[in-house]
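One structure is given here, and the rest of the page talks about it.
The values are calculated or read from the model by the stated rules, or taken from the named source; none is laboratory data. No experiment lies behind these values; they were computed from the predicted model shown. Note that we place each Cβ from the backbone using ideal geometry, even for glycine, and neighbour counts take in every protein chain shown.
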Amino acid sequence: MEYRISDRMAALKPSAIREILKNTANPNVIPFAAGNPSPDAFPVKEISKISSIVLENSAVAALQYSVSEGYAPLRTAVDNFCEAQEPGLKDNDLDDTLIVTGGQQGIDLTAKCLLNEGDIVICEDPSFIGALNTFRSYNVKLMGVPLESDGISIEGVEAILKEYPRTKLIYLIPNFQNPGGCTMSLAKRKAVYELAKKYGAIILEDNPYGALRYENEHIPAIKTLDTTGNVVYCASFSKIISPGFRVGYLVARKELMQKLVVAKQCSDVHTPMLTQMISQQFLSTCNIDAHISSMIRLYRTKRDLMCSMIDTYFGDKITYVRPEGGLFVWCTMPCGSDMIGFVKAALEKNVAVVPGNAFCADPSAQSFSFRMNFSTPTATQITDGMEILGDVLKNFVK
Ligand SMILES: Cc1ncc(COP(=O)(O)O)c(C=O)c1O
């Protein structure tokens, strides 16, 4: 059978990270490539207890079909969580909250509702591969704008908006960007919002890592500045409760939300009730702040260890972004280095990192960077893996 694949999917390749992860199923491989929460971070006891309670008390609701907007008590718990994390994020008169099947679905539904073939989407370059592939699947024109140490280049965004004033979407990860590790300054958040307003573009603000800040002051979400409905906010509990639950949320203006709900009905009808109900119980009865604080302590230690190992074993052979939060360190080899050769040689020595070009708006663009994750590996794996990478690096950077 010759399958006639749709134009929207024909050019899409499997995610480079997923492909690398296939090679890393081997337990001997040190996992710096994934973006998984630490196995030590899951609140297993609490979830086990809550799961029994949910099934004992509300089995039918947990196992039955439900409404697309999401389990009502979870939507309330999400609103309370958002208000604590990002005061003023939701305007209760104008905005609504939709429970989605992971932040990934929030990105997809937003794209589905807003994007036509050929539309312009501005993104940070580099950016989250899952979002880039989603946009690509809608046959849009992705325009990458360089990421600077304090977030996307505002001049770069403005130049594209001037050239393409009908740009539809600006996709941003303002906190602890994946993969770049940097955080957007308040001045840039304000500037990009003003540009979106001026040109009638929607900002999709993706904030899965916002709760995981290890140092410095919180910077308010762009959505908290939004008085005009130009911002759709997307987040999830993947990094702070469980990615396997697939529970995330969107906050957007009610007019747009009506369409997002219809798009969700076409996609999966609703997010699984069992994990919605467990998430709601977790948010309402466990001390989520204490849980996040313990994750922060765990990850801050791992980040510090990875950064000090970079200093020890990479020396001045590379530059890197020390992230204020999140899960990733972004390293850059000198211009002209054989980054791909380095990544392959590292994998031969059983250390997996992700080549930077996987995250480029134009995947054929040259990149001298690679991404490392510090939440998944153990402290010993970080120390051993960095020593191995340091040795491999000597063959690629003199
Ligand atoms: C920036 C970014 N957005 C969205 C997601 C999707 O997260 P979820 O597991 O909630 O679908 C991820 C996952 O790694 C991510 O890094």
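Could you list all residues from the stretch 277-314 that are farther than 26 Å from GLY181 by Cβ and touching a Ser or Thr at 6+ places or on another chain (Cβ under 8 Å)?
Within the stretch 277-314, MET277, ILE278 qualify.
Being within 14 Å of the ligand (Cβ to nearest atom) and closer than 28 Å to ILE47 by Cβ is the requirement here; does PHE245 meet it?
yes
Can you give me the ranges of the helices (runs of 4 or more DSSP H) entirely in the stretch 43-141 with at least 1 residues that are closer than 22 Å to GLN258 by Cα?
72-85, 102-114, 129-137
When the residues of the stretch 342-364 are filtered to those that are small (Gly, Ala, Ser) and in contact with a helix residue (DSSP H, G or I) (Cβ under 6 Å, 6 or more places away or on another chain), which remaining residue is surrounded by the fewest Cβ atoms within 10 Å (Cβ to Cβ)?
So, considering only residues that are small (Gly, Ala, Ser) and in contact with a helix residue (DSSP H, G or I) (Cβ under 6 Å, 6 or more places away or on another chain), the one surrounded by the fewest Cβ atoms within 10 Å (Cβ to Cβ) is ALA345.
Just one of SER369, SER364 is polar (S, T, N, Q), modelled with pLDDT of 95 or more and either farther than 15 Å from GLY385 by Cα or out of contact with any Asp or Glu (no Cβ under 8 Å at 6 or more places or on another chain) (or both); which is it?
SER369
Return the pairs, sorted by first residue and then second, in which the second residue is among the charged types (D, E, K, R) and part of a strand (DSSP E or B), the first residue lies in the stretch 91-103 and is in contact (Cβ under 8 Å) with a residue 24 or more places away in the chain and surrounded by 22 or more Cβ atoms within 10 Å (Cβ to Cβ), the beta carbons are less than 9 Å apart, and the residues are 6+ apart or on different chains.
ASP95/ARG253; GLY103/ASP206
If you check GLY210 against the conditions, is it within 11 Å of the ligand (Cβ to nearest atom) and surrounded by fewer than 20 Cβ atoms within 10 Å (Cβ to Cβ)?
Spelling it out, it is not the case that GLY210 is within 11 Å of the ligand (Cβ to nearest atom) and surrounded by fewer than 20 Cβ atoms within 10 Å (Cβ to Cβ).
Which count do you get for residues in the stretch 194-218 that are more than 30 Å from ALA290 (Cα to Cα) and in contact with a Lys or Arg (Cβ under 9 Å, 6 or more places away or on another chain)? Write out each step before concluding.
First, pick out the residues of the stretch 194-218 that are more than 30 Å from ALA290 (Cα to Cα): 194-203.
The next check asks that each one be in contact with a Lys or Arg (Cβ under 9 Å, 6 or more places away or on another chain); those that pass are 199-203.
Qualifying residue count, the stretch 194-218: 5.
Only one of these conditions is not met by THR271: (1) within 16 Å of the ligand (Cβ to nearest atom); (2) farther than 21 Å from THR376 by Cα; (3) in a helix (DSSP H, G or I). Which number is it?
The one condition THR271 does not meet is (3).
Scan the stretch 319-334 for residues that are hydrophobic (A, V, I, L, M, F, W, C) and more than 19 Å from the chain's Cα centre (by Cα) and jot them down.
Listed by number, the list holds a single entry, MET333.
Please determine whether any residue of the stretch 308-321 is in a loop (DSSP other than H, G, I, E, B), crowded, with 17+ Cβ neighbours inside 10 Å and of a type outside the set (Val, Ile, Thr).
yes
Condition (residue is more than 12 Å from the ligand (Cβ to nearest atom), closer than 24 Å to ILE120 by Cβ, of a type in the set (Gly, Ala, Ser) and touching a Lys or Arg at 6+ places or on another chain (Cβ under 8 Å)) applied to the stretch 222-233: is it met by at least one residue?
Yes, the stretch 222-233 contains a residue that is more than 12 Å from the ligand (Cβ to nearest atom), closer than 24 Å to ILE120 by Cβ, of a type in the set (Gly, Ala, Ser) and touching a Lys or Arg at 6+ places or on another chain (Cβ under 8 Å).
Hey, does the stretch 332-349 have a residue that's part of a helix (DSSP H, G or I), of a type in the set (A, V, I, L, M) and farther than 24 Å from ALA25 by Cα? Can you show your working first?
At the first step, the residues of the stretch 332-349 found to be part of a helix (DSSP H, G or I) are 339-348.
Now narrow it down to the ones that are of a type in the set (A, V, I, L, M): 339-340, 343, 345-347.
Narrowing the set further to residues that are farther than 24 Å from ALA25 by Cα leaves none.
Taking every residue of the stretch 332-349 in turn, none turns out to be part of a helix (DSSP H, G or I), of a type in the set (A, V, I, L, M) and farther than 24 Å from ALA25 by Cα.
Please find, within the stretch 147-192, the residue that is nearest to ALA111 (Cα to Cα) out of those that are free of Cβ contacts under 8 Å to residues at least 60 places away in the same chain and polar (S, T, N, Q).
Out of the qualifying residues, it is THR167.
Tell me which residues, restricted to the stretch 70-83, are surrounded by fewer than 17 Cβ atoms within 10 Å (Cβ to Cβ) and in contact with a helix residue (DSSP H, G or I) (Cβ under 8 Å, 6 or more places away or on another chain).
PRO73, ASN80
Are there any pairs, at least 6 apart or on different chains, whose C-beta atoms fall under 7 Å, with the first in the stretch 115-132 and within 18 Å of CYS360 (Cα to Cα) and the second among the β-branched types (Val, Ile, Thr) and in a strand (DSSP E or B), and if so, which?
ILE122/VAL145; ILE122/ILE170; GLU124/VAL145; GLU124/ILE152; ASP125/VAL145
Determine whether LEU298 is surrounded by 15 or more Cβ atoms within 10 Å (Cβ to Cβ), in contact with a Cys (Cβ under 6 Å, 6 or more places away or on another chain), of a type in the set (A, V, I, L, M) and within 30 Å of TRP330 (Cβ to Cβ).
So LEU298 fails the test.
Would you confirm, using the coordinates I've provided, whether ALA346 is free of Cβ contacts under 8 Å to residues at least 60 places away in the same chain, touching a strand residue (DSSP E or B) at 6+ places or on another chain (Cβ under 8 Å) and within 14 Å of PHE32 (Cβ to Cβ)?
Considered against the rule, which asks whether it is free of Cβ contacts under 8 Å to residues at least 60 places away in the same chain, touching a strand residue (DSSP E or B) at 6+ places or on another chain (Cβ under 8 Å) and within 14 Å of PHE32 (Cβ to Cβ), ALA346 comes out as yes.
Taking only pairs six or more apart or across chains, which ones have beta-carbon atoms under 8 Å, a first residue in the stretch 269-293 that is loosely packed, with under 15 Cβ neighbours inside 10 Å, and a second residue that is outside any helix (DSSP H, G or I) and of a type outside the set (Asp, Glu)?
Once the first residue is loosely packed, with under 15 Cβ neighbours inside 10 Å and sits in the stretch 269-293, its partners that are outside any helix (DSSP H, G or I) and of a type outside the set (Asp, Glu) give VAL269/TYR65; VAL269/SER68.
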